[in-house]
Every structure is written in C-alpha cells, then in structure tokens.
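Below: the structure, in structure tokens.
Rule-based calculations on the coordinates, nothing more; no lab input. On a predicted model such as this, the values are computed, not experimentally measured, just so you know. Methodologically, a virtual Cβ is constructed for each residue, glycine included, from the backbone with ideal geometry; neighbour enumeration extends over all protein chains shown.
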Amino acid sequence: MGRLPFLIAGCLLILAFDYYCLTALLSVFKTWSAKAKRRFSFIYWSVTLLLIIGIFAGIFINIFLSLRAVIMVAFFLITACKIVMLPFLLVDDLRRLAISLFRSLKAKKEDPVKTAQHPGEPISRSAFIVKAGLVAAAVPLTSLTWGITSGAYDYQVRRKTLILPNLPAAFDGITMGQISDIHSGSFYNPTAVKGGVEMLLGEKPDFIFFTGDIVNDMATEMRDYQDIFSKVKAPLGVFSSLGNHDYGDYHFGKESSPAKVKNLKDVIKTHELMGWDLLMNENRRLKVDGEEIGILGIENWGMGRFPKYGRMDLATKNTDDLPVKLLLSHDPSHWRAEVLPKYPQIDAMFSGHTHGMQFGVRTENFEWSPIQYIYKEWAGLYQEQKQQLYVNVGYGFLGYPGRVGILPEITIFTLKRA
C-alpha cells in the first residue's frame, strides 16, 4: 500500500488539470447553450472518473488483462492530448495576465474616480489560441493512435552477422535468434503476438535468447500467452534471463514478502513450463560436433534505481576453457559498467530493456530516439576492442501501448569466424 498516497496525489493532480482544461474549452465555445455545456461537462467528467477508477482497478484488482489494456490505451491517449494542449492554455493565461497588468498600470495614471465609474471588462480567453491547442492535440492523437493500431505488433526481423574470431569451426554459420522485453501484461491482441512468434520460428534459428522482462509485474500476466510462447523452440535450446520487471519490485516494493517471493517463483516456473532454460547467474555449455561455446546468463544488473541481482563471478565460473562466451544480461548499461572493465573474456553480450523508448527513427543508416540521451548503447550492435554488445529494442511494449518509428524486433544472428 506504499504506492497509494502517490496514486491519490496523482489523481488529484489529474482532476485539477482536467478542471483547468474544461474551463478553458467552455470559455471559447460561447455559442453553446447552457444545456449543451452541462452535457459536455458531464461526459468530460464521466470519462475522466471512469478512467481513474479503471486505473485503480487495474492496479489493485485482478481484472481481465484485455480490459486493463483498453483502459491504459484510453488513459494514455487522452492524457497525451491534454498535455500537448497545456502550453497553449498557459500562453493564453500569460497573455491575459500581461493585459491585466497593463490595465492596472494604466488605471493608476488615470483619474481614480473615472476609472471606478468605468471598470475594465473581464479579459476573455483567446478562442484562436485555445482552438490552436485543440488542433495541436490532434497531432499526437493521430500519430499515437497509428502507433497503437499499426506499430504495436509490426514485428521486424533484423538480420546481423556476428563476427567471433575464436568461434569453433562447428559453429561457423550457425544462426541464433533473440527476442526481449515481452511485457505480456501490456498485450491486448493474442493473434498478433502469435504472428510474431511464427515469424521467429520461420527463421529456423539453431538456438534462441530471451533477454528479460517476460511480465510487467505479475506472473499471472502470462496466463493468456504462455501457450503461445511455449511454441518458441530451437534445436540447440532456448536460453533466457530475468529483467528488472520480472522480480515484482514495482508492484510489491523492494522489500521481500511472501507474496513477492511466490510471484518470482511463479515467473521462474513459467520459463520452465515453456521449456526455456533460465540462467540465473550460471552458465551452460553449448556443444556442436564435439566443440563447445559458453552461454552465460545473469539476473538483472542495472544502474541507478534498477536492481543489481546479477553475479558475474558465478556466471563465469568454470568457463575459462571455452573459446567463446555469449552473455545474456537484460540491461545494456551493465556492459560498460562491469563487463568491459572486469570481464574481457566475454565476447558478446545481449540485452534489451531500453525499448528504443518505443519512439524515434530507425533505418538502415540512421537511428535516433530520445532514449539515447539516457543510454549510450540503446539499439543495435556496438563494439569496443574485441567485445560486442547487441541491444534488442523489444518484442512488446510498456506504458504507451504502441510504437512509433521504433518497431518491435526479432533479431537473427549468423555467427561467423571472420
């Protein structure tokens, strides 16, 4: 219940913001009758209150995932539009304040008796500025709606050649798939999710990595999707790791509790039931024709507020004889913070986490997203000296239920010696 005060404060802020927007809208549509204004106000407040109730229900009550997704979509779109309109309203209020100050200064220079006999009229809002705000609000409504209807499940297969000079000959030309950040609690279209899985399987990778965040918070979020992802199989296995969301920290808090412990056990059990080999600070030897490489996986290791459960000392144990070591580590910041300076034996690390912020531009020759100002390595392949990192921008989505420009990714690697 530690989040309840913050949620209540947030709701009060939203209500104040909505009141501000509503009064502005009503003030410029002067041709509306009193009855029309009352009807509009009733609809406006009904939608706002229903969405707030829905958000609380989604957090504290086990409602249907599809219903929760609909509530989140509606809340996000409406809030985004109001935020875009806000600067126009503030500009208009600054204009009104400036006029009011000018009138006050002018009144002081005039005859006080005459000024009292002819007081200034109230300064009305600028219909042009407010309506311009409404037009501007339609831009994110259009683009974000497109990102939901078109971008959320528009899976893209990205093919990369991974050069590993010490790769055993038996592995030369072998293929590996990677998906990351499923976030099953955000899905609202099982058919589309299944389509993405079929695209991955259609590539026929020899082995597959999943690099964390199978859920948003709760293991139960996989209830409607476990059968779909159970189909993700590969001849040499599917290897997985945990992400920051998989521990339930954002729902239960960082302190341990019986419910939180059980939830994590259920998340781990989900990997097992799907036939995925979950690596929690451990390693596996992948063998082909008598030759081996190492698959290492650690628990989440993040910077700042993100948890550090990962133990590289355990994951690298008894791997010195392996010519190539591939690491699953959810957060790409781990590469520069610990892997590069302390573990030069790691040939390549595979991450997710950033989502590419689900917004930006990504072409063959150009990539940009606001997330790059937070994460130096946020999408694609990076190399420093002889070590490499690949950041997958994710299979699912979180928060905003869609993607604009940074589309969901299925990565297929071809391993080569040179």
Residue check: is LEU278 free of Cβ contacts under 8 Å to residues at least 40 places away in the same chain, under 25 Å from the mean Cα position of the chain (by Cα) and under 13 Å from SER240 (Cβ atoms)?
yes
Matching entry among GLY402, GLY394, GLY380 (being under 28 Å from GLU198 (Cα atoms) and out of contact with any strand residue (DSSP E or B) (no Cβ under 9 Å at 6 or more places or on another chain)):
GLY402
Any idea how many residues of region 288-315 are crowded, with 22+ Cβ neighbours inside 10 Å and over 18 Å from LYS386 (Cα atoms)?
7
If we only count strands (runs of 3 or more DSSP E) wholly inside region 329-392, which ones have 3 or more residues that are in contact with a Pro (Cβ under 8 Å, 6 or more places away or on another chain) and among the acidic types (Asp, Glu)?
none
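Inside region 136-236, counting only strands (runs of 3 or more DSSP E) that do not spill past its ends, which hold 1 or more residues that are among the aromatic types (Phe, Trp, Tyr) and under 24 Å from ARG403 (Cβ atoms)?
Working: elements: 156-163, 175-179, 207-211.
In region 136-236, 207-211 are the strands (runs of 3 or more DSSP E) which contain 1 or more residues that are among the aromatic types (Phe, Trp, Tyr) and under 24 Å from ARG403 (Cβ atoms).
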When residues of region 246-274 are filtered for being of a type outside the set (A, V, I, L, M, F, W, C), closer than 18 Å to ASP181 by Cα and part of a loop (DSSP other than H, G, I, E, B), how many remain?
1
